[in-house]
1. Restricted to the range 127-151, and to residues that are part of a helix (DSSP H, G or I) and charged (D, E, K, R), which residue is nearest to residue 100 (Cα to Cα)?
2. For residues in the range 236-255 being within 30 Å of residue 207 (Cβ to Cβ) and surrounded by 11 or more Cβ atoms within 10 Å (Cβ to Cβ), which is farthest from the chain's Cα centre (by Cα)?
3. If you go through the range 130-146 one residue at a time, do you hit one that is of a type in the set (S, T, N, Q) and either within 21 Å of residue 211 (Cβ to Cβ) or in contact (Cβ under 8 Å) with a residue 40 or more places away in the chain (or both)?
4. Picking from 139, 186, which residue would you name as being among the charged types (D, E, K, R) and farther than 15 Å from residue 216 by Cβ?
5. Show the residue pairs that are 6+ apart or on different chains and have beta-carbon atoms under 9 Å apart, the first residue being within the range 9-32 and more than 29 Å from residue 96 (Cα to Cα) and loosely packed, with under 14 Cβ neighbours inside 10 Å, the second being of a type in the set (Asp, Glu) and at pLDDT 70 or above.
6. Restricting attention to the range 143-158, which residues are surrounded by fewer than 19 Cβ atoms within 10 Å (Cβ to Cβ) and either over 19 Å from residue 90 (Cβ atoms) or among the hydrophobic types (A, V, I, L, M, F, W, C) (or both)?
7. Name the helices (runs of 4 or more DSSP H) wholly inside the range 164-274 in which the number of residues that are touching a residue at least 40 places away in the same chain (Cβ under 8 Å) and charged (D, E, K, R) is 1 or more.
8. Select from the range 2-50 the residues that are part of a helix (DSSP H, G or I), farther than 18 Å from residue 81 by Cα and at pLDDT 90 or above and list them in ascending order.
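The values are calculated or read from the model by the stated rules, or taken from the named source; none is laboratory data. This is a predicted model, so every value here is computed, not measured. Note that we place each Cβ from the backbone using ideal geometry, even for glycine, and neighbour counts take in every protein chain shown.
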Amino acid sequence: MSKKLVFLRDIVSDTPIARLFCNVPVSDVLLKKGFAPPLVCHGDELVWGYGLFSALVNAGAEKHEAIDIDGDTADLLVFALSCEGRAGRYSWEERERLFFFCRDAGILEYVDRIIPLVEPGKKDFSHIGVFSQLMPSLKAMVADNLVDIKTASYVSSLPDSVLGLIRFYDGRLSFSERRQILIWFKDCFVREGWDEESAIEKMTEILASSTPFEAVKRMRFPMLSDMQRDFARLRKNLTAKSGVALEAPDFFEGAAFSVSFKFESKSQLERRIEVLKKIAENADELFSFLG
């Protein structure tokens, strides 16, 4: 590795590795004050500093300092990524571009050297490979942090028009609610065999509801939704304003209900006991929910 002054006209700037970082802006203030970092080259080919090179040319510069480095493609990329210094701050689009570069250059085997400089904590580019297979609308949702990559892959068979409805939905949905709506809707889409028109109609119906999450839940689990509604009605009849809490097992999967209460006097305890007797009188109906 050596440092030298190079004529910009002699540098081949439009190289695949240099273009990986072409969108990085360069401060005009740094250029004017002479504080710009050196370019990084491999012979006469630019390795890092595409944005800087373009800014220098546009400013009318003829020469600039450059670091000349040796190595194979993996070495050059690792050096460029180190110069870039943006580990953990690359966009999905940039990560995808890096993945394609490594794949096409045949250097994925060196991922253990590359990925820490791109996305610390990851072991390889497998999640970027999944991202690259998504349709544009799902890529945009992942990039905008509307949905995670795993969910995006799971719902990738949904029509783009349906995904657009939830992507541009102007109501309030939490990240987890949006994720669950997509998952459950995809399950319904497969189970019912809807065509695109039917799927659009169903998603429109869900999003028009005052509670989209509950609407899709009823669609995905019609029997469970009916059971929850009927149980809530029975519980209200048995325990309303009594201070006794009656709970069914999650999804009505289990063999036991639970009852809890507090009391501060003998009379309160007696009232609670009367409610328990009422629950016991309706035990057959209660246990019918557990099949």
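1. Here is the first cut: in the range 127-151, the ones part of a helix (DSSP H, G or I) are 127-132, 136-143, 149-151.
Now drop any that are not charged (D, E, K, R), which leaves 139, 150.
On the way: 139: 16, 150: 20 Å.
Among them, the one singled out is 139.
2. Start the filter on the range 236-255 by keeping residues that are within 30 Å of residue 207 (Cβ to Cβ), which leaves 236, 248, 250-253.
Checking the rest, the ones that are also surrounded by 11 or more Cβ atoms within 10 Å (Cβ to Cβ) come to 236, 248, 252.
Numbers: 236: 40, 248: 33, 252: 31 Å.
Of everything passing the filter in the range 236-255, 236 is farthest from the chain's Cα centre (by Cα).
3. Taking the range 130-146 first, the residues of a type in the set (S, T, N, Q) are 132-133, 137, 145.
Checking which are either within 21 Å of residue 211 (Cβ to Cβ) or in contact (Cβ under 8 Å) with a residue 40 or more places away in the chain (or both) leaves us with none.
No; the residues of the range 130-146 include none that is of a type in the set (S, T, N, Q) and either within 21 Å of residue 211 (Cβ to Cβ) or in contact (Cβ under 8 Å) with a residue 40 or more places away in the chain (or both).
4. On the way: 186 fails: farther than 15 Å from residue 216 by Cβ.
139 is the lone residue from the list that is among the charged types (D, E, K, R) and farther than 15 Å from residue 216 by Cβ.
5. Going by the 9 Å Cβ cut-off, the qualifying pairs are 9/62; 10/44.
6. Step one: filter the range 143-158 for residues surrounded by fewer than 19 Cβ atoms within 10 Å (Cβ to Cβ), giving 143-145, 148-150, 153-154, 156-157.
Once the filter is applied, which keeps residues that are surrounded by fewer than 19 Cβ atoms within 10 Å (Cβ to Cβ) and either over 19 Å from residue 90 (Cβ atoms) or among the hydrophobic types (A, V, I, L, M, F, W, C) (or both), the range 143-158 yields 143, 149, 150, 153, 154, 156, 157.
7. Numbers: elements: 175-192, 196-208, 212-220, 222-239.
So the answer is 222-239.
8. Initial filter on the range 2-50 (part of a helix (DSSP H, G or I)): 8-10, 16-19, 28-33, 50.
Pick out the ones that are also farther than 18 Å from residue 81 by Cα and you get 8-10, 28-33.
Correct list: 8, 9, 10.
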